[in-house]
1. Which number in (1) over 30 Å from Gln149 (Cα atoms); (2) touching a helix residue (DSSP H, G or I) at 6+ places or on another chain (Cβ under 8 Å); (3) open to solvent by 70 Å² or more (accessible area, probe 1.4 Å); (4) of a type in the set (S, T, N, Q) marks the one condition that Gln79 misses?
2. So, in the stretch 64-99, how many residues would count as being among the charged types (D, E, K, R), farther than 16 Å from Ile129 by Cβ and in contact (Cβ under 8 Å) with a residue 40 or more places away in the chain?
3. Return yes or no: is Cys133 in contact with an Asp or Glu (Cβ under 9 Å, 6 or more places away or on another chain), within 18 Å of Phe34 (Cα to Cα) and not in a helix (DSSP H, G or I)?
4. Can you say whether Ser126 is in contact with a Pro (Cβ under 8 Å, 6 or more places away or on another chain) and of a type in the set (S, T, N, Q), as far as the supplied structure shows?
5. Please find, among Arg91, Arg107, the residue that is at pLDDT 85 or above, open to solvent by 40 Å² or more (accessible area, probe 1.4 Å) and assigned to a strand (DSSP E or B).
6. Could you tell me which residue of the stretch 2-24 is nearest to Gln183 (Cα to Cα), considering only residues that are of a type outside the set (A, V, I, L, M), open to solvent by 40 Å² or more (accessible area, probe 1.4 Å) and in a loop (DSSP other than H, G, I, E, B)?
7. So which of Leu144, Leu175 ends up being touching a residue at least 60 places away in the same chain (Cβ under 8 Å), open to solvent by less than 20 Å² (accessible area, probe 1.4 Å) and not in a helix (DSSP H, G or I)?
8. Identify, from the list Ala49, Ala27, Ala39, the residue that is closer than 17 Å to Ile129 by Cβ and surrounded by fewer than 18 Cβ atoms within 10 Å (Cβ to Cβ).
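The values are calculated or read from the model by the stated rules, or taken from the named source; none is laboratory data. Not measured: the values here are computed from a predicted model. Virtual Cβ from ideal backbone geometry, glycine too; neighbours counted across all protein chains shown. Heads up: the accessible areas ignore ligands, DNA and RNA and are worked out on the full protein's heavy atoms, side chains in. Shrake-Rupley method; radii C 1.70, N 1.55, O 1.52, S 1.80 Å.
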Amino acid sequence: LRLIGQVATTYLVAEGPDGLYLIDQHAAHERVLFERFMAQRDGEIPGQALLEPVVVEMTPGGARLINEQLPILTRLGFQVENFGPNAFLIRSIPALVAGSDPGAAIRSLVEDFEEDETPFQAEVESKIIARVCKRAAVKAGQILSPEEQKALLTSLESCESPRTCPHGRPTMIHLSVSLLERQFGRTGAR
């Protein structure tokens, strides 16, 4: 794909041999981060120490969920410690998502587990990774430099599953040449 530009500060536009592609930069970045995380999960995922630890307050139920998942969080690059009743001290986050809000990442994990009726299945690690990537991915409306756009597109093209984010939303929409011709009333123009 050849990058053409950015539309509405949310979508990248790329040209392929068979038409145009509109790429949701948030969903695409989420997919790229997810696959990088999953590739590292066989070993210990490196953490990035925070300059200042972050304290996160939880409900009693949320605190219980975090305590149950502390070993998995540690394997994924988080360093989280109990810090009083229903409070946790975050000392590091996965290096792949350095720069994201550590407190928001932990809170979103708890929200995800509270919404899921079966959160402690074998898929718990990939659920945690998907949730962290969702929080760390570029946001809709965030303006990317041309170099960042190209890097994102190149990274997405190298993914095993480039068409969807880890939650199943499409990362791109294909507009074929024949669809474009029909839309512009140019049927049989070739």
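1. (2)
2. Filtering the stretch 64-99 for residues among the charged types (D, E, K, R) gives 64, 68, 75, 81, 91.
With the extra rule that they be farther than 16 Å from Ile129 by Cβ, the set shrinks to 64, 68, 81, 91.
With the extra rule that they be in contact (Cβ under 8 Å) with a residue 40 or more places away in the chain, the set shrinks to 68, 91.
Result for the stretch 64-99: 2.
3. On the way: in contact with an Asp or Glu (Cβ under 9 Å, 6 or more places away or on another chain): yes; within 18 Å of Phe34 (Cα to Cα): yes; not in a helix (DSSP H, G or I): no.
Here the answer is no, as Cys133 does not meet what is asked.
4. Working: in contact with a Pro (Cβ under 8 Å, 6 or more places away or on another chain): yes; of a type in the set (S, T, N, Q): yes.
Considered against the rule, which asks whether it is in contact with a Pro (Cβ under 8 Å, 6 or more places away or on another chain) and of a type in the set (S, T, N, Q), Ser126 comes out as yes.
5. Arg91
6. Looking only at the stretch 2-24, we keep the residues that are of a type outside the set (A, V, I, L, M), and these are 2, 5-6, 9-11, 15-19, 21, 24.
Add one more test, that the residue is open to solvent by 40 Å² or more (accessible area, probe 1.4 Å), and what stays is 2, 6, 9, 11, 15, 17-18.
Narrowing further to those that are in a loop (DSSP other than H, G, I, E, B): 9, 17-18.
Working: Thr9: 24, Pro17: 19, Asp18: 16 Å.
The residue in question is Asp18.
7. On the way: Leu175 fails: open to solvent by less than 20 Å² (accessible area, probe 1.4 Å).
Of Leu144, Leu175, the one residue that is touching a residue at least 60 places away in the same chain (Cβ under 8 Å), open to solvent by less than 20 Å² (accessible area, probe 1.4 Å) and not in a helix (DSSP H, G or I) is Leu144.
8. Working: Ala49 fails: closer than 17 Å to Ile129 by Cβ; Ala27 fails: surrounded by fewer than 18 Cβ atoms within 10 Å (Cβ to Cβ).
Only one candidate passes the filter, namely Ala39.
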